[in-house]
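Below is one structure, written out as structure tokens; the observations come after it.
Each value in this text was obtained by applying a stated rule to the coordinates, not by laboratory testing. Predicted, not measured: the structure shown is a model, and the values here were computed from it. Heads up, the Cβs are rebuilt from the backbone with ideal geometry, glycines too, and the neighbour counts pull from every protein chain shown.
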Amino acid sequence: MTETYLFSIHVETAYLADQSSVEDERYVFSYTVTITNAGSVAAQLISRHWLITDADNQVNEVKGLGVIGEQPLLEPNEHFTYTSGTALNTAVGKMHGRYHIVAIDGTVFEAEIPSFTLAAPRVLH
């Protein structure tokens with residue numbers, strides 16, 4: 001049985017060496033997010049809330065409307081993919097968060113974005 005209100009989130013990351021500078025302690029990463037409406041009613045992503053933590057436990061909180069300037073309305077089984085990025089002061093970090101979503105019937109729900117790691121090459125074993 002399908003849940004009525006359910007979005008699934010898949011994230012892939014990449015280290016952007018050409019935009020990073022080890023000497024300046026600037027490590028830049030991109031992340032590509034695929035959001036799928038796994039529920040049974042259409043719903044719209046309204047806003048995002050990210051917590052970005054570096055290896056020194058410095059946390060950057062990011063809140064805002066939509067993603068990359070869009071507030072996609074997804075029908076059941078439809079997906080939306082976007083790429084964004086972040087910079088850290090350390091070669092390793094992590095991100096997690098949630099999306100605030102409103103279904104077409106007016107029901108409000110959250111979709112958790114599972115924690116994922118950001119790591120420059122050859123930093124983690």
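Along each principal axis, taking the top coordinate minus the bottom one, the Cα set of segment 38-78 gives 41, 20, 11 Å in descending order.
Based on C-alpha pairs under 8 angstrom that are at least 6 apart in sequence, segment 7-115 has a relative contact order of 31 percent. Protection proxy ranking for 43-51, 18-26, using the average of other Cβ atoms within 10 Å per residue and placing the highest first: 43-51, 18-26.
Using the alpha carbons of segment 58-98, what is the convex hull volume per residue in cubic angstrom, as a whole number? Display every interim value, and only then the final one.
Details: hull volume 4.4 nm³, N = 41.
Taking only Cα atoms, segment 58-98 has a hull volume of 107 Å³ per residue.
Annotation: amide H of GLY85 within the under-5 Å range of TYR31, sequence separation 5 or more or interchain, hydrogens built in the peptide plane.
Residue ranges 60-68, 27-35, 79-87 sort as 27-35, 79-87, 60-68 when ordered by packing (mean number of other C-beta atoms within 10 Å per residue, highest first).
Calculate the translational D of the chain in whole µm² s⁻¹ from Stokes-Einstein, where the hydrodynamic radius comes from the Kirkwood formula applied to all Cα pairs, the temperature is 4 °C and the viscosity 1.567 mPa s. Before the final figure, lay out each step's value.
Details: Rh = 15.4 Å.
Rounded to a whole number, D works out at 84 µm²/s.
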